[in-house]
Amino acid sequence: MRNCDDWKASKYVRKNGRLVASRDPNEVGISSRLVADRAAEYYDANLKLHAKGRLLDLGCGKVPLYDAYRKYVTDIICIDWEHSLHKNNHLDFEADLTKALPFLDGEFNAIILSDVLEHIPEPDPFCREMARVLSPGGKLIMNVPFYYWLHEQPHDYYRYTEFALRRFMERSGMRVLQLQAIGGSPEVLADVFAKNVKRLPIVGTPVAMLSQWAISTLTRTPIGRRFSAATGRTFPLGYFLVAVKE
């Protein structure tokens, strides 16, 4: 990773020792804080278990997870699209992610793929490329949206069920270790409501913030947590996945 000393937190920040979504609206939209908070929880819990050795941050954007994984790995390579919307000075490579990755077989021990797969027009070849550059026993750590608005248009192509994700992994020679829904019906409803109500003049923004806070608070209670988990089986806001190369 280039210019490590210049890195600044963007999408994710540390608060009271936990990884959470930034409250800077220039980094995370007010209506997207809940889903980003949920994704942050999964990365915070799993990077310490699965990130090691040489890590490839694929479709890295501003490298928002750098602070969360840097102490667990020995080397970091950052790659993103040639014309990414998230320009930064940390890229090691600019590349067309729809083509072969510019790395040797088995070059990495871990890959981060955060909110990227939905922007890949041909997912099967891409997944095979990730498996190719992973060493045996290497881990893919990723998240994708499901019940989520269109973003970074026109390059937003798909939403994947858990069954599609498992199939991609199996067909590319990787085995799923963990596949969990990120949120359920409460989070989906809060996300859709906030993204629409914020359009209202004057009251939209505070109402969007209040709705996200209310659902976040509810789903941290035992009853709310169980309801979110149960409904996440059929109404997931997104997915978090860890897979290993066989």
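Laid out as a table, the results:
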| read-out | value |
| --- | --- |
| Yes/no for LEU140 being in contact (Cβ under 8 Å) with a residue 12 or more places away in the chain, part of a helix (DSSP H, G or I), farther than 18 Å from ASP37 by Cα and within 16 Å of the chain's Cα centre (by Cα) | no |
| Selection count where residues are in a loop (DSSP other than H, G, I, E, B) and of a type in the set (Val, Ile, Thr), scope the stretch 143-165 | 1 |
| The stretch 91-115, residues that are more than 20 Å from ALA243 (Cβ to Cβ), in a strand (DSSP E or B) and not hydrophobic (A, V, I, L, M, F, W, C) | GLU94 |
| Condition met for ASP75 (within 14 Å of the chain's Cα centre (by Cα) and modelled with pLDDT of 95 or more) | no |
| Condition check for ASP57: surrounded by 22 or more Cβ atoms within 10 Å (Cβ to Cβ) and touching a Leu at 6+ places or on another chain (Cβ under 8 Å) | yes |
| Candidates ILE215, ILE202, filtered to the one that is farther than 19 Å from VAL116 by Cα, assigned to a helix (DSSP H, G or I) and β-branched (Val, Ile, Thr) | ILE215 |
| Condition check for LEU47: assigned to a helix (DSSP H, G or I), closer than 30 Å to GLU129 by Cα and among the hydrophobic types (A, V, I, L, M, F, W, C) | yes |
| Residue in the stretch 158-168 that is in contact with a helix residue (DSSP H, G or I) (Cβ under 7 Å, 6 or more places away or on another chain), touching a residue at least 60 places away in the same chain (Cβ under 8 Å), surrounded by 21 or more Cβ atoms within 10 Å (Cβ to Cβ) and closer than 20 Å to PHE240 by Cβ present | no |
| Filter pass, ALA131 being surrounded by 13 or more Cβ atoms within 10 Å (Cβ to Cβ), small (Gly, Ala, Ser) and closer than 21 Å to VAL188 by Cβ | no |
| Filter pass, ILE223 being within 21 Å of TYR43 (Cα to Cα), part of a helix (DSSP H, G or I) and either without any contact (Cβ under 8 Å) to a residue 40 or more places away in the chain or aliphatic (A, V, I, L, M) (or both) | no |
| Verdict on PRO186 being modelled with pLDDT of 95 or more and outside any helix (DSSP H, G or I) | no |
| Test result for ARG171, more than 30 Å from LEU104 (Cβ to Cβ) and surrounded by fewer than 16 Cβ atoms within 10 Å (Cβ to Cβ) | no |
| The stretch 19-57, subset of a type in the set (Lys, Arg) and within 25 Å of PHE193 (Cβ to Cβ), residue farthest from the chain's Cα centre (by Cα) | ARG23 |
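The values are calculated or read from the model by the stated rules, or taken from the named source; none is laboratory data. Just so you know, these numbers come straight off a predicted model, no measurement behind them. Neighbour counts are summed over all protein chains in view; Cβ atoms, including those assigned to glycine, are modelled from backbone coordinates with ideal geometry.
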